[in-house]
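Below: one structure, written as structure tokens.
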Amino acid sequence: MKTVIFDFDGVIADSEIIALAELQVSLAEYGITVDWNTLLEKFLGASVKQIIAFAEARIDGPVDPDFQKDWYARLFERYRRELKPMPGAEAMLDRLDAAGIDYCIASGGSYKRLGVALQAIGFAERFEGRAFSAESVEHGKPAPDLFLYAAEKRGAPPADCVVLEDAIAGVTGAGRAGMRAIGFVGGSHLEGARSPHAERLRAAGAATVLTGLSGFEAAAFGAV
């Protein structure tokens, strides 16, 4: 039986448009101007460690120790007010439950961020014990570490895992882990950029690319 490994931001929660906008603000405070396309290219699926490394390389010095804290404070306030599940996410998870298919989350975000977001969209109980963060591994995406960690925790051989990802780093990491990757471009952060981003996901190794979650099972398994 297959195990599904979901990225979280931009796949289960329509959160990337909030997270990237607030990251853009945080970087601007250090004089780092990053346009939206660059944010999509560099930071979808990135861990906080990777983001801080990028910022420190650009300013040639350390960021404030409160960089993450300040970004998250703004982020979490908006999550609690605005965050919604991705359209079709709850119905898709219900169908997987009904079919007896195991699933989990493998996110570049921290456990704190995952917890706040899952609570905000009402999925905390559903993913209790099966939401995994890059904080648990040495190397985040595009390394395979997080996907292999999630598979191990779920007792699933990598070859039996299907990954749903909106990020090039995630698709790349899934391939390196020996897992089949399906791309997703349904998030609101990709408005106006779906076609070129879908092509980038295919080039990174996605077997197919979805614009909505209603077709996930057919793409992943052929039929459930």
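State which residue is farthest from residue 172 (Cα to Cα) when the search covers only segment 92-101 and only residues that are in a helix (DSSP H, G or I) and among the hydrophobic types (A, V, I, L, M, F, W, C). The extreme case among them is 98.
Only one of the numbered conditions (1) open to solvent by less than 20 Å² (accessible area, probe 1.4 Å); (2) touching an Asp or Glu at 6+ places or on another chain (Cβ under 9 Å) is violated by residue 99, and that is (1). Looking across segment 174-224, the residues that are of a type in the set (Val, Ile, Thr) and in contact with a strand residue (DSSP E or B) (Cβ under 9 Å, 6 or more places away or on another chain) come down to 182, 185, 208, 209, 211. State whether one or more residues within segment 158-165 are out of contact with any His (no Cβ under 9 Å at 6 or more places or on another chain) and under 20 Å from residue 48 (Cβ atoms). The answer is yes, given that some residue of segment 158-165 is out of contact with any His (no Cβ under 9 Å at 6 or more places or on another chain) and under 20 Å from residue 48 (Cβ atoms). The set of residues in segment 113-142 being basic (Lys, Arg) and out of contact with any Ser or Thr (no Cβ under 9 Å at 6 or more places or on another chain) consists of 126, 130. Beta carbons closer than 7 Å, at least 6 apart along the sequence or on distinct chains, pair a first residue in segment 197-224 that is touching a residue at least 12 places away in the same chain (Cβ under 8 Å) with a second that is acidic (Asp, Glu) for 224/217.
The values are calculated or read from the model by the stated rules, or taken from the named source; none is laboratory data. Please read all numbers here as calculations on a predicted model, not as lab measurements. Here Cβ is always computed from backbone atoms with ideal geometry, including for glycine, and neighbour counts include all displayed protein chains. Just the protein is used for accessible areas: all its heavy atoms, side chains included, with ligands, DNA and RNA removed. Shrake-Rupley method; radii C 1.70, N 1.55, O 1.52, S 1.80 Å.
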